[in-house]
Amino acid sequence: MRLILLGAPGAGKGTQAVNISQKLNIPHISTGDIFRANIKEGTELGRKAKEFIDQGLLVPDDLTISIVKDRLNKADCEKGFLLDGFPRTIPQAQQFDVALKGMGVELNAVVNLDVPDDVIVKRMAGRRVCKGCGMTYHISSNPPKSEGTCDSCGEQLIIRDDDKEQTVLERLKTYHEKTEPLIDYYEEKGLLLHFDGTKDIMETTSEIIERLLKE
Ligand code: AP5
Ligand code: MG
Ligand code: ZN
């Protein structure tokens, strides 16, 4: 299956993507994770991306599109993929359509997670991420088994640099301006599926999987 996960920052894209990609056995591709890995490794791409990410702005389209195209060319994407955080602008979506055509494939669905801004601001304050593998937790709604430590790799949990409240508010503003129009874009193509992202994590996963398998 070839899928896109849409939603505001903190809507739960990364959390749902881990569950969905496991259940459907397709790779989870997060542009945010790719940028953060590059920042950690100190690459040229990471250096460029960090300037924008730290301000709550989007990384320029050309840079972002080229990393996604490279990733989709890897062999594991032949069985499908789940994109988390891409596309995020209308030009990205248009260029992605061209790329899909070139690959001779079509999207199956676009999953949209709806969460109001005030819920997001509260959620982000409690998010913790693993320094090692990037796994995401929440201090109250999705805590690790042992405080401050990743269940999956044992590394330390930290607060993401862009989770400061001021940056979260900037990211929300960017989302409403640049990314929210994609809801109509994919609705018009008949691909959009809406989900309430304020429900329990596992309940939302079950609803999404059930719906996708019906498509
Ligand atoms: P990215 O890493 O994609 O950040 P984002 O879209 O802002 O989304 P987040 O990762 O913050 O949230 P999420 O929806 O994954 O939520 P999560 O599952 O963690 O991008 C970072 C930056 O990179 C961007 O700002 C931009 O600069 C750049 N970038 C990336 N892609 C780009 C692109 N295509 N073009 C240009 N620039 C790009 O959940 C959040 C918290 O809530 C967690 O603590 C979680 O445990 C908790 N939670 C999740 N679900 C629930 C639930 N149902 N109930 C209660 N708590 C929940
Ligand atoms: Mg994420
Ligand atoms: Zn980990």
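Here each label is just a point 7 Å from Cα along the line to Cβ, and for Lys131 and Lys101 those points are 4.8 nm apart. FRET efficiency for the pair Lys48 and Ser140, taken as 1/(1 + (r/R0)^6) with r the Cβ-Cβ distance and R0 = 35 Å, rounds to 0.50. Modelled this way, with points 7 Å down the Cα-to-C-beta line, the labels at Leu213 and Leu169 are 4.4 nm from one another. Per-residue extension of 0.36 nm, minus the Cα-Cα distance of His176 and Asp114, leaves a gain of 21.1 nm for this segment. Exceedance of the 28 Å cut-off in Cα-Cα distance is limited, within the set Lys13/Lys164; Lys74/Lys122; Lys50/Lys214; Lys40/Lys69; Lys48/Lys164, to Lys74/Lys122; Lys50/Lys214. Membrane-span-like helices in the chain (whole DSSP H runs, Cα extent of at least 18 Å along the helix axis, mean Kyte-Doolittle hydropathy of at least 0.0): 90-103, 201-214.
For Thr149, the residues whose amide H sits under 5 Å from its own are Leu157, ignoring neighbours fewer than 5 places away on the same chain, with H placed 1.01 Å from N. Near Tyr175: Cβ cut-off under 15 Å, other residues only, Lys/Arg at +1 and Asp/Glu at -1. The net charge is -4. Using the Stokes-Einstein relation with a Kirkwood hydrodynamic radius computed over Cα pairs, the translational diffusion coefficient of segment 127-215 at 20 °C and a viscosity of 1.002 mPa s comes to 136 µm²/s. What the Cα convex hull of the chain gives, in volume per residue, is 120 Å³. Derived from the Cα gyration tensor, the three semi-axes of the equivalent ellipsoid of segment 28-101 are 21, 15, 10 Å, largest first.
Where a number appears in this text, it was derived from the coordinates with a stated rule and is not lab data. Please read all numbers here as calculations on a predicted model, not as lab measurements. When we count neighbours, we look across all protein chains shown, and the Cβ atoms used for this are built from the backbone with ideal geometry, even at glycine.
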